[in-house]
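Undergrad: Structure below; questions to follow.
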Amino acid sequence: MRQMAVSLPLPDTATDVAQLRKDFEELKLDIEDILHDQNDINESTRAQLAAINDALLELQTKPADSKPRRPIGFIQPDDDEDDNGGRHP
């Protein structure tokens, strides 16, 4: 620990201290810019998720069609009553 303290150069002039302050302020501004950009991305993502949730809610509350749906498969519905009970020859 003592060796590290001895090997670090201390600023010996006022210009060195001023340069260090300037560098520190530049780093601080860069970090603030990065955090601001990251916050913008988060706001955009939140807006997109809100739009998705609204669309899902709309799909859930959408009323069903008034006409009945045809069943899936090869069996024809009983609407066409013919001789063979709805089956094709």
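Undergrad: So how far apart, in nm, are the two label points at V17 and L35 if each is 7 Å from Cα heading toward Cβ?
TA: Rounded to a tenth, the inter-label distance reads 2.7 nm.
Undergrad: To the nearest 0.05, how large is the calculated FRET efficiency for D54 and F24 if R₀ is 41 Å and r is the Cβ-Cβ distance?
TA: 0.35
Undergrad: Whole-Hz Karplus ³J(HN,Hα) for the stretch 17-29, in order, using 6.51 cos²θ - 1.76 cosθ + 1.60 and θ = phi - 60°, x for Gly and Pro?
TA: 5, 5, 5, 4, 4, 4, 4, 4, 5, 5, 4, 4, 5
Undergrad: Would you tally the net charge around T15, using a Cβ to Cβ cut-off of less than 13 Å, leaving T15 out, and scoring K and R as +1, D and E as -1?
TA: Charge balance in the 13 Å sphere: -1.
Undergrad: Let me ask you something else. Please give the net charge around F24, taking every other residue with its beta carbon less than 14 angstrom from that of F24, where Lys and Arg add +1 and Asp and Glu add -1.
TA: Residues near F24 contribute -3 overall.
Read the figures in this text as sums done on the coordinates, not as results from a lab. Owing to the predicted nature of the structure, the values given are computational and were not obtained by experimental measurement. All Cβ positions, even for glycine, are placed from backbone atoms using ideal geometry, and neighbour counts span all protein chains on display.
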